[in-house]
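See below for the structure under consideration.
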Amino acid sequence: MSATRNPTDWTSEAMRRRIARRYAAERRFKAAGLFAVLLSAAFLAFLLFTMVGNGLRGFTRTEIAVKVDFPASPLLLDPNAITDQALANANLPMVTGEVVKKALGADAEEWVSPTAWTVLRDTIKADPKILSQTVTIKLPASTAIDLAAKSKGSPEAEAAVDRLNKAGLLSTGFNMGFLTTSDGTDPTQVGIWGAFKGSLLTMLVTLALSFPVGVATAVYLEEYARKNWMTDIIEVSINNLAAVPSIIFGLLGLSIFLNFLHLPRSAALVGGMTLALMTMPVIVIAGRNAIKSVPPSIRDAALGIGASPVQVVFHHVLPLALPGILTGTIIGMARALGETAPLLMIGMRAFIATPPGGITDPATVLPVQIFLWSDEVSKGFVEKTSAAIIVLLVFLLAMNGLAIYLRNKFERRW
């Protein structure tokens, strides 16, 4: 026969020790949790600090002020007949080299960017009257000079930077061209606009396809489909599709959209359709969970006042489930925005020097552009890669912020 516990045992020394051990274990658990949060925050801060530290330099460009005496230059152009063909026949790369050597010295031709002649061309097109004048034009510096002016470079480049600084000819400022131009071979002249526009078009196609189809599928499975072996197979298939590696969807897009349907290669339309296949399972799962969370009393009350089953779903259940559906959409679209592997499979890694005009034009996206720049040999692309990552993160935050705003706007409480 077991001994009965005396009520006074609750105040015994053994009980106090057990309580002290429980409190100590709770304090250790809190400390471990706090340490985990601080460690995660430290890693995130280190990542952001590294990206911002390297990326901010990617938004700037070093320029050299060059005095150009157009009347004495070998440039033979009529100010009254400036056309694209005339400028193309003027051999501007050679003329730019001669102008730089005359203004800065015989060894200064390598100080300016190989594509600096485009600045000279655009300046002449903007004001042909300068062909009869002597003006000072800021030409983009070469990669070596640009790196030496911002951080550290080769001894030769640093000596050239010191010489240009003493003459007051060197300046570093915000590079608007990085946000308004597209890809190129010269890191001082490349831009992110083409890839940004490609990402925007691809995400619009992805959202236009995945959101309505995913929500309709979730509504059907939860509100209308009978529970049998067929719906069980569909549910298992959807859950499995949400865990399939993204490159499998790229292979699916390659075989169906390109090889079978012969849609345009490397287009935002195909990229959006491929990413929609990957995003739909996430939206379906989140949509079903959101619909399940709506209390049955809402349905019963709506039916009790004479609403039809369709009105119950679209006037009562779906508006209440919309915040949860938008949360799933945020997760799916964020995953799609950062994907690279499926887009590489459908050819969206091409060199695109012109921004796409529509969803059927050749295009690339920000993650692929970052991947391509990170694989370049020139050191000038390192800071451009970090700058492109910053643009991608800002794009992601803006997209998520809009989705969160819509979710909070449509959120209802009962």
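The values are calculated or read from the model by the stated rules, or taken from the named source; none is laboratory data. Keep in mind it's a predicted model, so treat the numbers as computed, not measured. When we count neighbours, we look across all protein chains shown, and the Cβ atoms used for this are built from the backbone with ideal geometry, even at glycine. Side chains are part of the model used for accessible areas, which takes the heavy atoms of the whole protein and leaves out ligands, DNA and RNA. Shrake-Rupley method; radii C 1.70, N 1.55, O 1.52, S 1.80 Å.
Details
- Some residue of the stretch 42-51 being at pLDDT below 85, closer than 30 Å to Ser386 by Cβ and not in a helix (DSSP H, G or I): no
- Single condition Phe351 does not satisfy, out of (1) within 26 Å of Gln189 (Cα to Cα); (2) crowded, with 17+ Cβ neighbours inside 10 Å: (2)
- Restricting attention to the stretch 147-179, the residues that are part of a helix (DSSP H, G or I), open to solvent by 30 Å² or more (accessible area, probe 1.4 Å) and within 17 Å of Glu109 (Cβ to Cβ) add up to 3.
- Looking only at the stretch 133-146, and only at residues there that are part of a strand (DSSP E or B) and open to solvent by 40 Å² or more (accessible area, probe 1.4 Å), the one that is nearest to Gly173 (Cα to Cα): Lys138
- Pairing each residue of the stretch 286-304 that is among the polar types (S, T, N, Q) with any residue that is surrounded by fewer than 18 Cβ atoms within 10 Å (Cβ to Cβ), provided the two are 6+ apart or on different chains, yields C-beta distances under 9 Å for Ser297/Trp414.
For every residue, the table says whether it meets (1) in a loop (DSSP other than H, G, I, E, B); (2) open to solvent by less than 80 Å² (accessible area, probe 1.4 Å).
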position: Leu372; (1), (2): no, yes
position: Val377; (1), (2): yes, no
position: Glu383; (1), (2): no, yes
position: Ser386; (1), (2): no, yes
position: Ile389; (1), (2): no, yes
position: Leu393; (1), (2): no, yes
position: Tyr405; (1), (2): no, no
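- Positions within the stretch 243-276 being part of a loop (DSSP other than H, G, I, E, B), of a type outside the set (Val, Ile, Thr) and more than 22 Å from the chain's Cα centre (by Cα), in sequence order: Ala243, Leu261, His262, Leu263, Pro264
- Subset of the stretch 121-132 that is over 15 Å from Gly177 (Cβ atoms) and in contact (Cβ under 8 Å) with a residue 12 or more places away in the chain - its residue that is surrounded by the most Cβ atoms within 10 Å (Cβ to Cβ): Ile124
- Residue check for Val100: out of contact with any Asp or Glu (no Cβ under 6 Å at 6 or more places or on another chain) and either in contact (Cβ under 8 Å) with a residue 12 or more places away in the chain or not hydrophobic (A, V, I, L, M, F, W, C) (or both): no
- Looking only at the stretch 293-332, and only at residues there that are polar (S, T, N, Q), open to solvent by 30 Å² or more (accessible area, probe 1.4 Å) and modelled with pLDDT of 85 or more, the one that is nearest to Glu222 (Cα to Cα): Ser293
- Condition check for Asp107: within 30 Å of Leu147 (Cα to Cα), in a helix (DSSP H, G or I) and of a type in the set (Asp, Glu): no
- Every listed requirement among (1) over 21 Å from Ala141 (Cα atoms); (2) of a type in the set (A, V, I, L, M, F, W, C); (3) open to solvent by 80 Å² or more (accessible area, probe 1.4 Å); (4) in a helix (DSSP H, G or I) is met by Met94 save one, (1).
- Complete set of residues in the stretch 187-241 that are of a type in the set (Ser, Thr, Tyr), without any contact (Cβ under 8 Å) to a residue 60 or more places away in the chain and open to solvent by less than 40 Å² (accessible area, probe 1.4 Å): Thr231
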